[in-house]
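To keep things clear, I will list the structure first and then write my remarks on it.
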Amino acid sequence: MAFFDWFLSPLAYPFMARALLASLMVGVVCSVLGTYVILQGMAFFGDALSHAILPGIVLAFLAGWPLAVGALLFGVLAAVGIGILSEREEIREDTAIGIVFAGSFALGVALLSTTGSYATDLAHILFGNVLGVSQEELWLIFGLGLLVLGVIVALYKEFLVLAFDPTLAVVLRLPRSLLRYLQLVLIAVTIVVSLQTVGVALMLAMLVTPATTASLLTKRLPSMMLVAGLVGALSNLTGLYLSFYYNIASGPAMVLVSTLVFLLVFLFEPKRGILWQRIRGQQQ
Amino acid sequence: MPSFFHHPPVHPPNAPTIELDRVSVAYSDRPALEDISFQLRKGERVAVVGPNGAGKSTLFNVIVGTIKPSSGKVRIYGSGPAEHTCIGYVPQRNKIDWRFPATVWDVVMMGRTARIGYLRRPGRLDRQMVEQALVEAQAEDLARRQIGELSGGQQQRVFLARALAQEAEVLLLDEPLTGLDTPSQEAVLAILDGLGARGIGILVATHDLGQAAQMYDRILLLNRRLIADGPPSQLLTSQMLSRAYGSHLHILPTPDATVALADECCSDEEMGEGLELVG
């Protein structure tokens, strides 16, 4: 009973109930989309994109718009910008990402430094504050989150081909560039959805860590997505409660939990875990 | 962009499967292919032979559609390639991420993607096609394996099965036997024979002249330009070979046969090129 009490009593606070729902949704969306991020080696891109939206957030804040609108605008701009820069053969894609990432982030910080409450705002944007999610923001998180999941399900076959073997996508005459840009936009939307929960600086962990844990436990994409979603949701849930009871910042708490889960699986997973491999290695 | 549900274009009965009309490709001003023209008729089995850097992989990329020709035209069954899904290709094995979370069944089913169409799930016909393709490629007992658990020969057979599930009418294979042991090579060759008997055309890139001469009806000798195009007996003259291979090849006439020695081989660099996405 003590556990139920531990679990249920915080939910009497409306802000905590909203935070719980937001954390679960963000955990699922980030982790499921994250499977494609890690399978296609787009981790750096995800990290860059989450930093590149900063000017959008600040501008929206200064103009009094919903932050998500500005973030989405700059997310898509940065995604397309990186795409266009790297289509030219002289610039490698990771270089293009680096330029857009750093330049855009600098612009964001510069804009923010002109406002009054620079330090507090920067901390919120960098690390999120899930306990401050408003009712409207919760609706936005669920609306956009379900949209992203819907697109992933609807275009499952096509995204699978693109991730596994892009040349096959050409052979099958799938609209490769369109699908690729759609993926970038999905990542941008997911970042916007998660902004309030984990913030810019730790976004990458949400995208990458639960999906990587799942990749150690599964051998087909649908099960990988399922496990990733579960791990992401449970990590965020646990992190949220740790945050509530021990007064740790919520974003870092969630990321620490999912990192711990990853380490445990990495060490102890029966078939591929490092520990068992060592033990088997010594027996031979 | 393809229509919402895929409708493969009608194939005129007498049109060549693949036709290249004065195709040239240049990578930032360096010519990779110059003025290539040839036709592939239905069911033909053709080897593209040439030294490293001759443009074999570029040629395949142009046919597949990952590279646009700088000039000239590629036609499939007489029309532009945009809607045709009848070209199957078997990737070089080092181009594939073998840790990818997919089973053999999943990979072969990928070949059905265009036929299934958007927003639909595979139906009974698709599952039948996948099963049939696996049987034909002697891979039916591998269906549930994760692709990382396969041997080299098995990997090759799985991609053959994928092209069959795709209902490909011509197969492009880039160095399909590189790195395989002899039994695996023979298994792959036997499957290719079976495809040939069913009227599926084959275009193979290889550096192995001897094998090309034995296995294929026709050889295209390539060294940036198309040096020669004809049946093996006609092409394998020392004059032709030295035009293709230049100083890298030494022709030694012996009493029994003509021996051709290449002074570079193909493993490392050859593995490095291959079907590749550019841009």
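Among the residues of the stretch A:207-222, which ones are β-branched (Val, Ile, Thr) and touching a Ser or Thr at 6+ places or on another chain (Cβ under 7 Å)? It would help to see each step written out before you state the result.
Narrowing the stretch A:207-222 to residues β-branched (Val, Ile, Thr): A:208-209, A:212-213, A:218.
A:THR209 - this is the single residue of the stretch A:207-222 that is β-branched (Val, Ile, Thr) and touching a Ser or Thr at 6+ places or on another chain (Cβ under 7 Å).
Can you find, within the stretch A:132-184, the residue that is farthest from the other protein chains (Cβ to nearest Cβ) among those that are in a helix (DSSP H, G or I) and basic (Lys, Arg)? Can you show your working first?
As a first pass, look at the stretch A:132-184 and keep what is in a helix (DSSP H, G or I): A:132, A:135-154, A:156-164, A:166-171, A:176-184.
So of that shortlist, the ones also basic (Lys, Arg) come out as A:157, A:176, A:180.
Values: A:LYS157: 5, A:ARG176: 9, A:ARG180: 11 Å.
Looking at residues that are in a helix (DSSP H, G or I) and basic (Lys, Arg), I get A:ARG180.
Look at the stretch B:57-101 and say how many of its residues are without any contact (Cβ under 8 Å) to a residue 60 or more places away in the chain, within 30 Å of A:MET224 (Cβ to Cβ) and more than 10 Å from every other protein chain (Cβ to nearest Cβ).
Count: 1.
Somewhere in the stretch B:119-134, is a residue under 23 Å from the mean Cα position of the chain (by Cα), polar (S, T, N, Q) and more than 10 Å from chain A (Cβ to nearest Cβ)?
Within the stretch B:119-134, the subset under 23 Å from the mean Cα position of the chain (by Cα) is B:129-134.
Those still in the list that are polar (S, T, N, Q) too: B:132.
Narrowing further to those that are more than 10 Å from chain A (Cβ to nearest Cβ): B:132.
Yes; the residues of the stretch B:119-134 include at least one that is under 23 Å from the mean Cα position of the chain (by Cα), polar (S, T, N, Q) and more than 10 Å from chain A (Cβ to nearest Cβ).
What strands (runs of 3 or more DSSP E) lie completely within the stretch B:40-128 and have 1 or more residues being among the aromatic types (Phe, Trp, Tyr) and at pLDDT below 95? Steps first, answer last, please.
Numbers: elements: B:45-49, B:71-76, B:87-90.
The strands (runs of 3 or more DSSP E) meeting that bar are B:87-90.
Given the structure, is A:SER215 more than 30 Å from B:ARG144 (Cβ to Cβ), among the polar types (S, T, N, Q) and touching a residue at least 40 places away in the same chain (Cβ under 8 Å)? Give the steps one after another, and end with the answer.
Numbers: more than 30 Å from B:ARG144 (Cβ to Cβ): no; among the polar types (S, T, N, Q): yes; touching a residue at least 40 places away in the same chain (Cβ under 8 Å): yes.
Answer is no for this residue.
Which condition from (1) away from chain A (no Cβ under 14 Å); (2) acidic (Asp, Glu); (3) touching a Lys or Arg at 6+ places or on another chain (Cβ under 6 Å) is the one that B:ASP181 breaks?
Result: B:ASP181 passes all but (3).
Against the definition (touching a residue at least 40 places away in the same chain (Cβ under 8 Å), closer than 20 Å to A:ALA17 by Cα and of a type outside the set (Phe, Trp, Tyr)), how does A:SER258 come out, yes or no?
Numbers: touching a residue at least 40 places away in the same chain (Cβ under 8 Å): yes; closer than 20 Å to A:ALA17 by Cα: no; of a type outside the set (Phe, Trp, Tyr): yes.
So A:SER258 fails the test.
Could you list all residues from the stretch A:237-277 that are at pLDDT 90 or above and more than 23 Å from A:PRO10 (Cβ to Cβ)?
Within the stretch A:237-277, A:THR259, A:PHE262, A:LEU263, A:LEU264, A:VAL265, A:PHE266, A:LEU267 meet the criteria.
Looking at (1) under 15 Å from the mean Cα position of the chain (by Cα); (2) within 30 Å of A:LEU221 (Cα to Cα); (3) at pLDDT below 90, which is the one condition that is false for B:ARG162?
Failed condition: (3).
The values are calculated or read from the model by the stated rules, or taken from the named source; none is laboratory data. Every value quoted in this text rests on a predicted model; they were computed, and no experiment measured them. In this analysis, Cβ positions are derived from the backbone assuming ideal geometry, glycine residues included, and neighbour counts consider all displayed protein chains.
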